[in-house]
Amino acid sequence: MVAAATEKESGKPKKRLSEQSSWEAKDSEGKDYLYRLGKEADNMNIAVGARAGVIDDLFAGNFLGRDSDIVFDYRQKVTRSFEYLQGDYYIAPVFMDKVVCHIVKNYISHILNTKVPLILGIWGGKGQGKSFQTELIFQAMGVEPVIMSAGELESERAGEPGRLICDRYRTASQVVQNKGKMSCLMINDIDAGLGRFGNTQMTVNNQIVVGTLMNLCDNPTRVSVGQDWRESDVTKRIPIIVTGNDFSTIYAPLIRDGRMEKFYWQPTHEDIINIVHRTYERDGIARDEVESIVNTFPNQALDFYGALRSRTYDRSISKWIDDIGGVENLGNKLLKRRKDEKLPVYVPPKQTMEALLESGLFPSQRAEANNGD
Ligand SMILES: Nc1ncnc2c1ncn2[C@@H]1O[C@H](COP(=O)(O)OP(=O)(O)OP(=O)(O)O)[C@@H](O)[C@H]1O
Ligand SMILES: [Mg+2]
């Protein structure tokens with residue numbers, strides 16, 4: 001400050017502190033960058049460092065990426081690597097085709113002589129495997145996606161959700177640039193965050209989110225997170241996948257064909273049997289047994305059949321609690337055991353077709369079935 005005052009008085013050009021000091025750095029328009037940082041509303045930018053085109057260009061070369069702190073975005077843990085998806089799963093071929101094709105099309109859109117929609121909108125009933133299978137495909141393709149859910153699109157600060165989408169889009173683009181991996185932006189249950197309920201008006205956030213997505217579709221390689229455009233705002237084109245149950249509540253221009261490709265997902269009888277069979281295979285349940293389970297409970301979503309299996313556990317745990325002396329003694333048995341005392345043995349239930357069928361019944365039906373024995 002003192003230096004600035006003397007400069008004004010003397011009218012002489014200010015002597016620089018040093019050639020490399022960031023205190024006197026200018027932004028791309030030649031203005032004081034630190035001042036601008038302060039001015040930008042609710043700025044929480046701690047990722048400044050030696051950003052190309054912004055501050056201290058000295059160490060931001062043209063190699064090793066343009067931002068000095070290249071791991072910053074990964075530390076934020078918005079990308080997924082799917083360690084939890086262990087085991088063998090069946091992915092319905094039609095579903096696989098659609099998602100793989102969408103991702104590949106977007107990565108080679110510059111050599112295709114046709115307009116490629118940036119967004120793939122997968123819609124259909126609840127629990128039919130939209131999110132799950134998409135993640136399986138990401139894993140199989142080695143895609144490291146950035147995943148967000150509609151809950152994040154709610155914020156009391158107007159404008160925040162739009163910025164978040166841009167931010168995540170750029171993070172995905174950095175995965176491509178810095179890690180050399182394919183990436184993809186996935187937004188789950190978008191209709192929950194974007195829908196209009198009844199005749200009520202769209203909220204401001206809603207409009208901004210729709211506007212942001214439409215903007216991305218129209219300019220997929222130029223995304224700003226601040227108020228102004230910068231040289232470094234040029235990004236890679238990143239395919240977007242959104243899922244939802246009902247797209248009819250979403251603003252029509254967003255879902256028109258050039259911007260969003262729509263895919264209605266409803267597994268066929270065959271798909272369901274294949275998927276359920278693969279998950280029950282470990283328990284030694286045969287394919288025709290799966291078929292009769294699926295036929296016994298038709299018109300159920302995929303998550304129902306997963307729940308059947310966990311329900312058999314619930315029931316055997318209740319039985320185990322009874323065996324070791326009921327609910328009253330539970331604390332003593334579980335926690336306050338004497339040293340030499342062992343925890344009563346719990347035998348996991350053997351999965352049989354009968355057990356699975358039974359756990360799909362209502363409690364009253366189950367009692368009836370048992371009485372019949
Ligand atoms: N291919 C599959 N293999 C094994 N299990 C699957 C498969 N697809 C779906 N499931 C099971 O079904 C459950 C529900 O799937 P998912 O969460 O993907 O549904 P969704 O279509 O995204 O539903 P929502 O509309 O409610 O978000 C998963 O948690 C998983 O247990
Ligand atoms: Mg889902």
message = Being buried (at least 19 other Cβ atoms within 10 Å of the Cβ) and either more than 16 Å from ligand 2 (Cβ to nearest atom) or at pLDDT 75 or above (or both) is the filter here; which residues of the stretch 187-209 pass it?
response = Ile187, Asn188, Asp189, Ile190, Asp191, Asn205, Asn206, Ile208, Val209
Subset of the stretch 104-157 [assigned to a helix (DSSP H, G or I) and away from ligand 1 (no atom under 16 Å from the Cβ)] = Val104, Lys105, Asn106, Tyr107, Ser109, His110, Ile111
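Got a sec? Which of Phe297, Phe362 is at pLDDT 85 or above and not β-branched (Val, Ile, Thr)?
Result of the check over Phe297, Phe362: Phe297.
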query = Right, Val100: surrounded by fewer than 18 Cβ atoms within 10 Å (Cβ to Cβ), in a helix (DSSP H, G or I) and without any contact (Cβ under 8 Å) to a residue 40 or more places away in the chain or not?
reply = no
remark   = Only unsatisfied item for Phe95, checking (1) within 14 Å of the chain's Cα centre (by Cα); (2) among the aromatic types (Phe, Trp, Tyr); (3) at pLDDT 90 or above, is (1)
ask   = So, of the residues in the stretch 282-307 that are within 11 Å of ligand 1 (Cβ to nearest atom) and in contact (Cβ under 8 Å) with a residue 24 or more places away in the chain, which turns out to be surrounded by the fewest Cβ atoms within 10 Å (Cβ to Cβ)?
value = Asp303
task = Considering each of Ile255, Ile238 in turn, give the residue that is under 23 Å from the mean Cα position of the chain (by Cα), more than 16 Å from ligand 2 (Cβ to nearest atom) and at pLDDT below 85.
result = Ile255
key: Residue list for the stretch 256-281, restricted to those being surrounded by 20 or more Cβ atoms within 10 Å (Cβ to Cβ) and among the β-branched types (Val, Ile, Thr)   = Ile272, Ile273, Ile275, Val276
note = Flagged pairs (Cβ under 7 angstrom, 6 or more apart or on separate chains; first in the stretch 242-257, closer than 12 Å to Ala192 by Cβ; second assigned to a loop (DSSP other than H, G, I, E, B)) are Thr243/Asp189; Gly244/Asp189; Asn245/Gly125; Asn245/Lys126; Thr249/Gly195; Thr249/Arg196; Ile250/Gly195
key: Condition check for Glu261: in contact with a Leu (Cβ under 6 Å, 6 or more places away or on another chain) and outside any loop (DSSP other than H, G, I, E, B)   = yes
request  = Determine which single condition Gly151 fails, assuming it passes every other condition in (1) within 16 Å of ligand 2 (Cβ to nearest atom); (2) modelled with pLDDT under 90; (3) in contact with a Phe, Trp or Tyr (Cβ under 8 Å, 6 or more places away or on another chain).
outcome  = (3)
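The values are calculated or read from the model by the stated rules, or taken from the named source; none is laboratory data. Bear in mind the structure is a predicted one, so any value in this text is a computation, not a measurement. Positions of Cβ are backbone-derived with ideal geometry, glycine not excepted, and every protein chain shown enters the neighbour counts.
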